[in-house]
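Report on the structure given below.
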Amino acid sequence: ASAEKGGFPSFMDKEIHDQPQAVADTLLGRMDPSGRLVLDEMRIDESLLKSIDKIIVIACGTAAYAGQVAKYAIEHWCRIPVEVELAHEFRYRDPIVTEKTLVVAISQSGETMDTIMAVRHARQQGAKVIAICNTFGSTIPRESDAALYTHAGPEIAVASTKAFLSQIVACYLLGLYLAQLRGNKFQDEIRMILGELQQIPAKIQRILDETAQQVTDLAIAQKDTESVLFLGRHVGYPVAMEGALKLKELAYIHAEGFAAGELKHGPIALIDEGKLVFIVVPSKRGRDSLHAKVVSNIQEVRARGARTVVIAEEGDEEVRAYASDVIYVPASPTLMAPLLTTVPLQIFAMELATVKGLDVDQPRNLAKSVTVE
Ligand code: G6P
């Protein structure tokens, strides 16, 4: 078993360390010599894809958070409305699905019953379904019109890590492909974004090599904490929710992710002396940067006694003033940041569970794949 874990103490630890490779493999062979994005496995008619007027992403758990990240990118690149819905809610509310709807079903295992039932419902309504899946030949890709595989390799630990990052990458490839097909993006822009994606594996590796120890020390110091909040905006919002989910799943601690802008509308009442709050800070660069707004959120929770752990990009000195701890990740464009900022949150949850003596690969009450509705 220790050989299967590649010398790591758990599958989860190994899978966190597999992430540079997982992202690289999901990206492999997607660009032709002229810089065009190719999706060989796309079995849906091009003319049909050109005419779709809505995308609905259906998924559960971590895969649904990957879908939420993807919404920001796909709408930005393609100008097609994207809804993200939990698979088990989708088919019970009479959703509007037509022949012009493209449904994207995201599932690591391809066997989640809630997602399978949602796929069937969507196809009955005439929608085309693309599966984004990590398991070859599983039910969801078999029952879909096309399948885009994440090449993350087998994921054994119940809590999803590398599958999440490769799901985001696969969704981005789909978004870029649709943008290319529909002529929404210039070819050199698509090439540039693919180039940015290509730099992500090395950046994740730097987090694993240079930052993991700091995060581990923090988790050990916080082992008795009973409640943790996570704040983020834009793509940092689903990252905050994923950080909270990891902590619930692994360490059995109350944790919640919030959109930082929502803080003043309620969650700020939860802040008291010593409350641990993670804040995912967006880059300062770029138009419409939300950096200043999130920095003022750090200030607000800090002023009420919170212990603030700030995830920011290297070179961001402004966050230091209100941060109890700063965890720096390599700089990247806004839409790429989730592929980096998620990693310290995964490590924090794993290490906190480990110091509590819990089994990080097999958390209580959970299954890797939930095959009942
Ligand atoms: C279970 C697992 C989660 C996973 C979710 C969706 O609840 O414990 O880690 O995110 O199912 O699984 P799927 O295989 O469909 O991605």
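Taken together, the values in this text are just the output of simple stated rules run on the coordinates, not laboratory data. Keep in mind it's a predicted model, so treat the numbers as computed, not measured. Please note: Cβ atoms are built from the backbone with ideal geometry, for glycine as well, and neighbour counts cover all protein chains shown.
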| task | With the condition kept exactly as written, say whether any residue in region 159-171 is buried (at least 22 other Cβ atoms within 10 Å of the Cβ), within 16 Å of the ligand (Cβ to nearest atom) and closer than 15 Å to Pro333 by Cβ. | result | yes
| request: Select from region 217-258 the residues that are free of Cβ contacts under 8 Å to residues at least 24 places away in the same chain and away from the ligand (no atom under 16 Å from the Cβ) and list them in ascending order. | output: Asp217, Ala221, Asp224
| When residues of region 210-233 are filtered for being more than 20 Å from Val355 (Cα to Cα) and touching a Leu at 6+ places or on another chain (Cβ under 6 Å), how many remain? | 1
| Which members of region 89-128 meet the condition of being in a strand (DSSP E or B), within 14 Å of the ligand (Cβ to nearest atom), closer than 22 Å to Leu48 by Cβ and out of contact with any Gly (no Cβ under 6 Å at 6 or more places or on another chain)? | Val104, Ala105
| field | Qualifying residues in region 13-39 (those that are small (Gly, Ala, Ser) and out of contact with any Asp or Glu (no Cβ under 9 Å at 6 or more places or on another chain)) - the one farthest from Gly183 (Cα to Cα) | value | Ala24
| field | Residue list for region 18-58, restricted to those being in a helix (DSSP H, G or I) and either within 17 Å of Ile168 (Cβ to Cβ) or hydrophobic (A, V, I, L, M, F, W, C) (or both) | value | Gln19, Pro20, Gln21, Ala22, Val23, Ala24, Asp25, Thr26, Leu27, Leu48, Leu49
| request: Would you mind telling me which numbered condition in (1) closer than 22 Å to Ala240 by Cα; (2) within 14 Å of the ligand (Cβ to nearest atom) Lys71 fails? | output: (2)
| Looking at region 316-373, which of the residues that are β-branched (Val, Ile, Thr) and assigned to a loop (DSSP other than H, G, I, E, B) is nearest to the ligand (Cβ to nearest atom)? | Val370
